[in-house]
Amino acid sequence: MTNVMSRRAVLFAGGGTAAAAAVAAAFLVAGSEIPASAHPAEEPSVTAVYTPAVHASAMPMDAYHLTGAQEAELSNQQNLMNRACMKSFGLSYLPNYTDRTKVITASFAVNDSRRYGISDPVAASRFGYHLPPQPATKSSATGGESDTSPMAMSPDKYQVFTGARKPSASSSVQAMPDMQAQKASPGSYHGKAIPAGGCAGQTNRKLLLTTQTPQVAKANQLAANLNQDAFGKSIQDAKAVKANGAWRKCMTGKGYGRYASPLKAAAAFDLNQPPTKAEIETAVADVACQQQVNYVSTLTAIEKGYQKRAIAKHTAGLAPLKAQVTEQSTALTKAIQTSRG
């Protein structure tokens with residue numbers, strides 16, 4: 001949705017511990033410990049760690065994407081601006097919309113805290129390795145409306161929203177039109193000019209949710225690659241191997257020595273089924289051992305070192321993305337100020 005590197009696409013635990021385990025599988029061999037680095041002399045030194053481990057720490061690569069709170073607010077403002085525009089035409093859109101910014105922001109915080117596996121002892125004792133359930137609202141899935149999908153709108157409403165004529169039901173073309181390609185008003189509705197790209201196109205322009213330039217797209221991909229590379233190198237770092245060994249020794253003492261790492265422990269359970277007693281007990285022991293050996297703080301500090309090194313090496317290549325993040329943050333702040341009067 002956004003022009004900048006999305007947290008959902010970058011944070012390896014963004015889909016929960018299972019997602020983190022899937023990514024880490026490229027670096028972990030079943031039944032083995034995290035592989036030792038082949039080049040310990042090239043590993044960055046660790047100068048600081050953060051506490052407590054349950055909270056996500058700010059990472060150097062965070063400068064190249066919006067924060068979780070900003071992404072949540074971006075979605076909120078997009079809905080509010082589209083609704084206001086449609087209302088100016090006398091058309092209803094999301095009349096029962098519920099602001100879920102706080103819920104979405106909290107969800108990002110939970111995901112961020114699981115970059116290296118679950119780290120919250122309270123969540124572990126209640127949900128095992130599962131993500132905590134999210135509060136449900138009538139807008140959680142469809143906004144509580146029956147016609148928020150453009151294809152469910154009447155032809156006139158569709159044109160006001162998208163700036164294009166609605167395809168017929170028999171048409172083979174059912175995809176959304178390219179609203180950003182529209183440079184002029186497609187006409188009017190009840191005497192009022194429809195903005196280019198409709199209400200949705202107008203909102204996207206104001207929030208800079210337009211098509212990426214080739215330079216930003218290239219920088220976006222570079223940032224994603226560097227982030228993944230830093231993560232991979234950090235968990236193979238000699239200091240990470242040592243921390244993982246300490247964690248495994250602790251787990252062995254608690255009767256869970258069969259797990260090679262926190263991510264492997266999480267991957268051993270079916271997260272598509274309700275948490276079992278065994279899962280919860282394992283998760284509780286896992287988090288306790290992480291805290292005992294300062295596991296998350298250590299891995300975070302290690303990964304920060306690799307990220308800083310990558311940024312220093314690729315500052316010029318990342319510059320277009322950083323500029324885009326700044327511009328979009330400014331546009332979002334302006335939209336928030338306008339909506340709140």
Diffing segment 84-95: the Karplus 3J(HN,Hα) column from phi (6.51, -1.76, 1.60, θ = phi - 60°), in whole Hz with x for Gly and Pro, holds 5, 5, 5, 5, 5, 9, x, 10, 7, 8, 6, x
So K183 and V103, fully extended at 0.36 nm per residue minus their Cα-Cα distance, gain in nm 25.2 nm
Assertion target for D99, D286, D237, ordered by fewest C-beta neighbours within 10 angstrom first, is D99, D237, D286
When R248, R83, R114 are ranked with the fewest other C-beta atoms within 10 Å first, the list becomes R83, R248, R114
Which residues qualify? For Y189, with a placed amide H closer than 5 Å and at least 5 residues away or on another chain, they are I194
The extension gain from H314 to A193, computed as 0.36 nm times the residue separation minus the Cα-Cα distance, is 39.0 nm
At the level of C-alpha centres, the distance separating segment 250-319 and segment 320-341, in angstrom, is 34
With x for Gly and Pro, the residue-by-residue ³J(HN,Hα) of segment 190-197, computed from phi through the Karplus equation 6.51 cos²θ - 1.76 cosθ + 1.60 at θ = phi - 60° and given in whole Hz, is 6, x, 10, 5, 7, x, 4, x
The FRET efficiency for A238 and T210, from their Cβ-Cβ distance with R0 = 45 Å and rounded to 0.05, is 0.50
Expressed in nanometres to one decimal, the distance between label points 7 Å along Cα→Cβ at S149 and D270 is 3.0
Sorted by chain and then number, the residues having a modelled amide H within less than 5 Å of the amide H of L131, at least 5 places away or on another chain, are none
Across the alpha-carbon set of segment 274-341, Rg over Rh with Rh taken as the Kirkwood radius works out to 1.27
Neighbour-count ranking for K192, K308, K264, K322 (other C-beta within 10 angstrom, fewest to most) reads K192, K308, K322, K264
The answer for GluC sites (Glu not before Pro) in segment 251-341 that fall in a DSSP coil and have at most 12 neighbouring Cβ atoms within 10 Å is none
So the FRET efficiency between N294 and S329, C-beta based with R0 = 35 Å and rounded to 0.05, is 0.55
Within the under-13-Å Cβ sphere about S119, not counting S119, Lys/Arg +1 and Asp/Glu -1 give a net charge of -1
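FYI, it's all coordinate maths here, none of it is from the lab. What you are looking at is a predicted structure, and each value in this text was computed from that prediction instead of being measured. All Cβ positions, even for glycine, are placed from backbone atoms using ideal geometry, and neighbour counts span all protein chains on display.
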